[in-house]
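The values are calculated or read from the model by the stated rules, or taken from the named source; none is laboratory data. Nothing here was measured: the structure is a model prediction, and the numbers come from that model. Using ideal geometry, Cβ is built from the backbone for each residue, glycine included, and neighbour counts are taken over all protein chains shown. Calculation scope for accessible area: heavy atoms of the full protein, side chains included, ligands and nucleic acids excluded. Shrake-Rupley method; radii C 1.70, N 1.55, O 1.52, S 1.80 Å.
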Amino acid sequence: MLCGGQLIRLNELLARLEARRCLKDIEPRLFSEDEGPQHGEVVELYGAEGTGKTELLYHLLCRCVLPEAAGGLEVDVLFVDTDYSLDMLRLVSILDSRLTSAGLEEAALRSSLSRLLVVHCSSSSQLLLTLHYLETTLNSRPSLALLLIDSISAFYWLDRCEGGASISRQEEKLSKCAELLGRLLRDYKFTIFATCHTIRRSSSGSAASCSSTLEADRPYLCRPWQRLVTHRVLCSRQEAENHTAGGSREEKRRQVFRVHCSSSSSRTKASRISSFCATDAGVQFI
Amino acid sequence: MVPLQEGMCPGLDGDLLRSLLAADIRTVEDLVSSDLEDVSRKCSVSYKALFSIRRVLLAQHTAFPVSGADLYEELLSSTAIISTGNPSLDKLLDSGLYTGEITELSGGPGSGKSQVCFGVAVHVSLQLKQSVIYVDTTGGLTASRLLEMLQSETSDGDEQMEALQRIHVFRLFDAYSLRDCLSALRRGGLLQASGGGSVKAVIVDSVSAVISPLLGGKQNEGMSLMIQAAVALKTMAKDFSVAVLVTNHVTRGGGGGVQPGLGASWSHIPRTRILLERVDRAPSGCSSTLRSATLIKSSRQPCHIKEEFDLQRQSRSVRSSSGKRKRDEADS
């Protein structure tokens, strides 16, 4: 069947038309009322090392794959791992604690894990080819509603060196990936969450000026990717407050992470600040 | 970028290749991203042939998705925890070095990083009887020191020799050789390098000694070499199920405290990071062999827990974390 100059098979057309699960309600404590990511939107989690991005990602992943009885959404998730940082043991311990607190058995763990697909990419060329192959996966799995990329900035320095002196050549591969993702989002209407690491350290200390943190938080990836991002989540570590001597030792040690979500989608421009700490059972919002 | 070559897949013969090159399609990525109808018109090739070539090339070069359940089963059967031989460090690391991950030890000069690495190498080769690959970039490793450490653990000469034979040393002094050595190890298999023994630990002492001279300024090559070495280490850890231990120097952070070197881009690479410092407590003036280790990044334990240990007696911890001091008058 010919459609707009491009040959499409009937099953592909059906896969595109069928609505995938909207993830607007994926985490109401993170996104303000009605500001959650809808069909075809991209959320970028940005922050330095040790600011809780990975924990947040696992929290969202668990929310998606868990069965409804345990408070999940029961959708399929594709995890694109570009820097071999997926910690399956940590993920499984979070899933396990959530399932046991909901009173479900071992079999539920296996079924939740089978909703997760993991792909390892070792270069931006392989990422581009894998995203092309993603179309086949999207066709065969209509319940795939979330694509997680950890992290989109893994090949930044490799591409910069390969591109030599010309900035357009440096950004060429990531731009192609971003354009392809844009087309896939429009056609198949899923959601993307991607983490992005900082490349510059912001100088800490109470006398640090606001400008240095702004400098470190400036987006540095290519324009096509920045245009694709609709929600930006800035993660940072909150300085540990000084508890009084009466406070328990456990509380003193708890590291609190601060999250600032801003959405620049066409609907409204909103922003919201929340805090969470990481426990054995995953992320706990404060 | 993978260039298109004749015979790469059935159907990609010389004529087709030439017409594709004429249409400015040189690499696999170009072919996969281009509009096939357009290309078939320009090169006057059948759409069906191009479509099947595209499908075969994609299948050859993509990474395939694996189900989470299968990945977890595989991980359960292949992950092992390698004890470092030092009980205080093991406590910090949640029983030891995990295979499939990179653990980083950072510290200033004289903080004991190399000594801890020797201790780990000796423990793995003697007690666990597994091979160790030691990449030495500082020239600090000597066989006599390793032998000394082995002699304090066992008095059997044959055992000492066997343990020494299981430690394979690579000496390199610049970033390019580091990258090439790690890539060769990853491609050729650790088995070849270790002469048939099973490798359980790869120690790189130190990464920053060869990489940090290339960082800074507007050059990208230093950062790119660092990331290439990191990727080689990570894939080696994952594919061959080995525990990777690297050492790093320290710099002064903005607030005046010490932090590990090599910048923000390196900080995402290791899964666990430990900071080693000297403990200046003895008022007697003699140099102390006490060191304190602080956990600064971990996915399994709360951060900033501290442990102290004595470099001289690595297999026994002197202090407990509660801070009670025990005067130990045992042999030095």
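Restricting A:Gly40, A:Gly103 to residues that are open to solvent by 10 Å² or more (accessible area, probe 1.4 Å), more than 9 Å from chain B (Cβ to nearest Cβ) and under 25 Å from A:Leu180 (Cβ atoms) narrows the list to A:Gly40.
Table: residues versus (1) modelled with pLDDT under 90; (2) more than 22 Å from B:Arg54 (Cα to Cα).
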site	(1), (2)
A:Tyr84	yes, yes
A:Leu95	no, yes
A:Ser101	yes, yes
A:Ala108	yes, yes
A:Ser114	no, yes
A:Glu135	yes, no
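Please count how many residues of segment A:132-167 are more than 7 Å from chain B (Cβ to nearest Cβ), assigned to a helix (DSSP H, G or I) and closer than 11 Å to A:Leu78 by Cα. Residues flagged as more than 7 Å from chain B (Cβ to nearest Cβ), assigned to a helix (DSSP H, G or I) and closer than 11 Å to A:Leu78 by Cα within segment A:132-167 amount to 2.
Considering only residues in segment A:53-77 that are within 12 Å of chain B (Cβ to nearest Cβ) and open to solvent by 10 Å² or more (accessible area, probe 1.4 Å), the one that is farthest from A:Tyr220 (Cα to Cα) turns out to be A:Asp76.
Taken over segment B:201-237, the criterion of being facing chain A (nearest Cβ under 7 Å), within 16 Å of the chain's Cα centre (by Cα) and either surrounded by fewer than 19 Cβ atoms within 10 Å (Cβ to Cβ) or not in a helix (DSSP H, G or I) (or both) is satisfied by B:Thr235 alone. Any chance segment A:80-94 includes a residue that's surrounded by fewer than 20 Cβ atoms within 10 Å (Cβ to Cβ), more than 21 Å from B:Ala230 (Cβ to Cβ) and over 20 Å from the mean Cα position of the chain (by Cα)? No, segment A:80-94 has no match at all. Does any residue of segment A:84-96 turn out to be out of contact with any strand residue (DSSP E or B) (no Cβ under 9 Å at 6 or more places or on another chain), within 11 Å of another protein chain (Cβ to nearest Cβ), among the charged types (D, E, K, R) and within 30 Å of B:Val32 (Cα to Cα)? Taking every residue of segment A:84-96 in turn, none turns out to be out of contact with any strand residue (DSSP E or B) (no Cβ under 9 Å at 6 or more places or on another chain), within 11 Å of another protein chain (Cβ to nearest Cβ), among the charged types (D, E, K, R) and within 30 Å of B:Val32 (Cα to Cα).
Here B:Leu50, B:Leu4, B:Leu12 are screened, and the one residue that is modelled with pLDDT of 85 or more, open to solvent by less than 40 Å² (accessible area, probe 1.4 Å), away from chain A (no Cβ under 11 Å) and farther than 30 Å from A:Leu113 by Cβ is B:Leu50. Scoring B:Leu76 on the criteria (1) within 32 Å of the chain's Cα centre (by Cα); (2) surrounded by fewer than 16 Cβ atoms within 10 Å (Cβ to Cβ); (3) more than 9 Å from every other protein chain (Cβ to nearest Cβ) leaves a single failure, condition (3). What do you reckon, is B:Asp24 acidic (Asp, Glu), under 30 Å from B:Thr272 (Cα atoms) and either open to solvent by 50 Å² or more (accessible area, probe 1.4 Å) or within 26 Å of the chain's Cα centre (by Cα) (or both)? When the stated conditions are applied, B:Asp24 does not pass them. Of all residue pairs spaced 6 or more apart or on separate chains, those with beta-carbon atoms under 7 Å, a first member in segment A:63-86 that is within 14 Å of B:Leu71 (Cβ to Cβ) and a second member that is at pLDDT below 90 and of a type in the set (Gly, Ala, Ser) are A:Val65/A:Gly72. Being out of contact with any helix residue (DSSP H, G or I) (no Cβ under 8 Å at 6 or more places or on another chain) and among the hydroxyl-bearing types (Ser, Thr, Tyr), is that true of even one residue in segment A:175-185? For segment A:175-185, residues out of contact with any helix residue (DSSP H, G or I) (no Cβ under 8 Å at 6 or more places or on another chain) and among the hydroxyl-bearing types (Ser, Thr, Tyr): absent. Scanning segment B:173-200 for residues that are over 25 Å from B:Ser83 (Cβ atoms), out of contact with any helix residue (DSSP H, G or I) (no Cβ under 8 Å at 6 or more places or on another chain) and open to solvent by 60 Å² or more (accessible area, probe 1.4 Å) turns up B:Asp180, B:Arg187, B:Gln192.
Within segment B:238-254, restricting attention to residues that are over 18 Å from B:Thr84 (Cβ atoms) and outside any helix (DSSP H, G or I), the residue that is least open to solvent (accessible area, probe 1.4 Å) is B:Gly253.
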